[in-house]
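No lab work stands behind these numbers, since they all come straight from the coordinates. This one's a predicted model, so the numbers in the text were calculated from it and none came from an experiment. Methodologically, a virtual Cβ is constructed for each residue, glycine included, from the backbone with ideal geometry; neighbour enumeration extends over all protein chains shown.
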Amino acid sequence: MTTRTAELLMGFATLLVSLGLMWNVWSDGLRIDWVDGRGPGAGVWPFWLSLGMALASLATIIRWFQGKTPESQSLEPYIARETMFLVVVSAVSILVLLLLMTIIGTYLSLMAFMLFYVRFLGRHSWGTTMAFVIGTPIFVYLLFEVALTKYLPKGWPIFEEGFLWLDNFRWQYF
Amino acid sequence: METILVSLAGGLLQAFEPLNLFMIFAGCLAGLLVGCMPGLGSVNGVAILLPVTFLVPPTAAIIFLAALYYGAMYGGAISSITLGIPGASTAVATVFDGRPMAQAGKADKALMAAAIASFIGGTVSIILFTLFAPPLAAFALKFGPQEEFALMLLAFATFIGLGGDDIPKTIFSILLGLVMAAIGFDIISGQPRMIFFDMVEFQRGIGFLVLAIGIYGIGEMLWTLESTKGKVQMHNVTITWARMKENFGQIKEYINSTWVGSFLGFFVGTLPAAGATPASLMSYGLSKTFSKDPESFGKGNISGVAAPEAANNAASTGSMLPMITLGIPGSPTTAILLGGMIIWGLRPGPLLFQESPDFVWGLIGSMYVANFATVLLNIALIPVFIRVLAMPFTLLTPIIFVLCVLGVFATTDRMFDTWIMLILGVGGYLLRKLNYPVAPAVLAIVLGPLAERSLRQSLISSQGDVTTFITRPISLTCIILAILLMSYPLIQRMMRRRTAEPSEN
């Protein structure tokens, strides 16, 4: 896809989002005008600002047709093929990390994420990879669970119990 | 003046408390590291590390983040000079002459000049900050909701007028941030608003950190991966004690540009849309214009390194002035700091000087100390930073991603927010590729609740009479300035057309 096409599509996407926001406020029955004795209704701010967003998107679309923005004249690819791989793989790997966090818990998924990123994407040595795979969960545990007292997601009960069994050592011995 | 000195002395004492002093050094070090990594700047560091600062009390937390902000300005120069890639957008102008100097084997000279100029820029602006902040805060005490709203309007108008980006896209970005801030329960009527797909998670709204970390963590890393293709090319730097001493003696060559950069940087930094990047570019331009040898700029003139470096440090302090005194951030980084202050339970704005003097003066005191700490750490650790810079992106990126995900989770304890962060991060990256500015959205989501509240309070107190904004002198002045700023691009275009016409005739 060229940058030119991407700008037009983005213009329509932002227009749709803006109209969707307006519809959302309207359909929820929020007042978008002055309420006697109570001041501006709850919907005034989001509704009228979303209208502003819609108008700004419309302006971008009109400017695209007039060829006024540099992007509307650019025939360069929106995301170059050579960089597409790195960018898409990175974004998808975070998506998988988030998914795994809710299934196998934070620590195991962090290890899998590091293994993938450092070894398979970065092609680093096994030594470096293992340092990251083991070091990251330890660092995260010490910083978030111990210092910041946050209970990070532990996934399904079986994984949670496994973690709690390990975590118990901390309370027993430290 | 006397009260300022007494308060400042108290602030300095506070800065020397062991925890605070440790935070200054830790912040400077983190800032230098973040700043020197290509693609990452102060705003990314502050956004990603803000959740971690909940470990310590608010004063120590802001001291850490301010030191980080400050350190990142120094750090940016390191990669600009040795890699030829700006460590942060604020160090773009440093590449122009820093890179040719490094190619000519004078990287150490350029690094030293950058450190010294940053130190002078920082010192000048902290002194100006100390002098200006208390009277400005005292003046701002007269502000009612009308003035607050007008001031925020002015802040957004500067983005439209001076941001230099596509105007409809800038407006879209501002409004998107403001609307996103309204998700959740209405602050006045308590009604739920914009609960998409009836998901209860939306009732708690979208925190500014979710957007900030999405855009400046995930989005920025995707952007950097794309622009560097995961690889960097480095120049060798030879540093010896004798050369360092020799370089220190050459300060006369660039002292004038440094002064210009320092003062210019501070004042440009106080403007919301401007900040450190335009300040450093303007400073570079000015010292080139007034140089006796403008031809040598861009080919390795040491003044071309000193001028932007002095300016970006001065601007970082300058942008804290409106944040502390008026509650209006002067840059995306200070917008995140402001959001942090709200999380810590402080109320940013003029009352801060009265309600939390320890916090404010502790911060100011720490900035003096941070300036010394950073210049020392910077010069002493240049070889270490160069090692860090050689670290491949495939090692740095996963660490940042993990910090982003867990940082967002740690602030809200909800996986839901991490999903939203990813969506916003990828969305922000796609928008940014089409030249949509993202900084206004971050500023807007922080200011959104404050702006809506002040607008509604003003209208309720005036019983719906909108002239309340123009019958009060301070509010009227702000609104006139805002209109002028918003129409500035139009006026500029008309003037350009007028000057073009006679030449055509």
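Counting other Cβ atoms within 10 Å of each Cβ, which trypsin sites (Lys or Arg not before Pro) in the range B:86-174 have at most 15 and sit in a DSSP loop?
Within the range B:86-174, the qualifying trypsin sites (Lys or Arg not before Pro) (loop, at most 15 other Cβ atoms within 10 Å) are B:142.
Order of B:404, B:478, B:28 from fewest to most other C-beta atoms within 10 Å?
B:478, B:404, B:28
Which angle from 0 to 90°, rounded to the nearest 10, does the C-alpha axis of helix B:145-162 make with the longest principal axis of chain B?
Helix B:145-162 and the main axis of chain B meet at about 40 degrees.
Would you calculate the convex hull of the Cα atoms in the protein assembly as shown and tell me its volume per residue in Å³?
In the protein assembly as shown, the Cα convex hull volume per residue is 184 Å³.
Starting from the 7 Å offset along Cα-to-Cβ, what nm value, one decimal, do you get for the label separation of residue A:84 and residue B:347?
5.4 nm
What distance in nm separates the simple spin-label points at residue A:143 and residue B:493, each placed 7 Å from Cα in the Cβ direction?
Label-label distance for residue A:143 and residue B:493, simple model: 4.6 nm.
For the range A:3-73, rounded, prolate or oblate, judged on the Cα gyration tensor with a ≥ b ≥ c (square roots of eigenvalues), a/c < 1.5 rounded, else prolate if a/b > b/c?
prolate
How much mean residue ellipticity at 222 nm does the protein assembly as shown get from its helices, if each DSSP H run of length 4 or more adds -39500 (n - 2.57) and you divide by all residues, to the nearest 500 deg cm²/dmol?
Calculated from helices alone, the mean residue ellipticity at 222 nm is -23500 deg cm²/dmol.
Within chain B, which is the longest segment containing none of the chymotrypsin sites (Phe, Trp or Tyr not before Pro) that sit in a DSSP loop and have at most 14 other Cβ atoms within 10 Å? It would help to have the intermediate numbers written out before the result.
Values: sites that count: B:16, B:290.
Maximal segment without exposed cleavage sites: B:17-289.
Starting from the Cα gyration tensor of chain A, take the square roots of the eigenvalues, sort them a ≥ b ≥ c, and report rounded, prolate or oblate (rounded when a/c is under 1.5, otherwise prolate if a/b is larger than b/c, else oblate).
Note, shape of chain A comes out oblate.
Whole-Hz ³J(HN,Hα) for each residue in the range B:444-453, computed from phi via Karplus 6.51 cos²θ - 1.76 cosθ + 1.60 with θ = phi - 60°, x for glycine and proline: what do you get?
5, 5, 6, 7, x, x, 5, 5, 5, 4
For a quick check: with amide H placed at 1.01 Å from N, whose amide H comes under 5 Å from residue A:35's, ignoring anything fewer than 5 positions away on the same chain?
A:41
Apply the Kirkwood formula to the range B:80-141: the hydrodynamic radius equals the inverse of the mean of 1/r over all pairs of different alpha-carbon atoms; give it in Å with one decimal.
Result for the range B:80-141 stands at 13.4 Å.
Within the range A:2-36, name every residue whose backbone N is under 20 Å away from a label modeled 7 Å from Cα of residue A:65 along the Cβ vector.
A:4-19
Applying the Karplus parametrisation 6.51 cos²θ - 1.76 cosθ + 1.60 with θ = phi - 60° to the phi angles of the range A:164-174, what ³J(HN,Hα) value in whole Hz is obtained for each residue in order, glycine and proline being reported as x?
Ordered by residue, 3J(HN,Hα) equals 5, 4, 5, 4, 4, 4, 4, 6, 6, 10, 10 Hz.
Taking only Cα atoms and a 10 Å spring cutoff, compute GNM fluctuations for chain A and point out the largest among A:125, A:18, A:72.
A:125
If r is the Cβ-Cβ distance from residue B:195 to residue B:248 and R0 is 60 Å, what FRET efficiency results, to the nearest 0.05? Don't jump to the answer; show the numbers that get you there.
Working: r = 61 Å, r/R0 = 1.02.
Here the calculated transfer efficiency is 0.45.
Note the angle between two axes, namely the Cα long axis of helix A:3-27 and the longest principal axis of the Cα atoms of chain A, as a number of degrees from 0 to 90, rounded to the nearest 10.
80 degrees
Please work out how much length the chain gains when fully extended from residue B:19 to residue B:376, using 0.36 nm per residue of separation minus the C-alpha to C-alpha distance, in nm with one decimal.
Value of the extension gain: 126.6 nm.
Under the definition of Cα pairs under 8 Å and six or more residues apart, what whole-number percent is the relative contact order of the range A:81-173?
So the answer I get is 31 percent.
Which pairs break 26 Å Cα to Cα here: B:109/B:433; A:68/B:229; B:252/B:292; B:229/B:433; A:68/B:299; B:109/B:292? Can you show the working numbers first?
On the way: B:109/B:433 36 Å; A:68/B:229 30 Å; B:252/B:292 14 Å; B:229/B:433 16 Å; A:68/B:299 35 Å; B:109/B:292 21 Å.
Beyond 26 Å between Cα atoms: B:109/B:433; A:68/B:229; A:68/B:299.
Could you check the simple spin-label distance between residue B:463 and residue B:477, using points 7 Å along Cα→Cβ, in nm with one decimal?
3.0 nm
Whole-Hz Karplus ³J(HN,Hα) for the range B:177-190, in order, using 6.51 cos²θ - 1.76 cosθ + 1.60 and θ = phi - 60°, x for Gly and Pro?
For the range B:177-190, the Karplus curve yields x, 5, 5, 4, 5, 8, 5, x, 6, 5, 5, 9, 8, x Hz.
What whole number of Å gives the distance from the Cα centroid of the range B:370-406 to the Cα centroid of the range A:98-140?
A separation of 21 Å, based on Cα centres.
Could you tell me what fraction of 2.2 N^0.38 Å the Cα radius of gyration of chain B comes to, as a two-decimal ratio?
Relative to the rule-of-thumb radius for its length, chain B sits at 0.96.
Using Cα centres only, tell me the gap between the range B:100-153 and the range B:450-505 in whole Å.
Value for the Cα centre distance between the two parts: 26 Å.
Which trypsin sites (Lys or Arg not before Pro) from the range A:112-150 combine a DSSP loop assignment with at most 13 other Cβ atoms within 10 Å?
Those satisfying the criteria are A:123.
Counting other Cβ atoms within 10 Å, keep those with at most 16, restrict to DSSP loop, and tell me which trypsin sites (Lys or Arg not before Pro) in the range B:385-488 are left.
B:414
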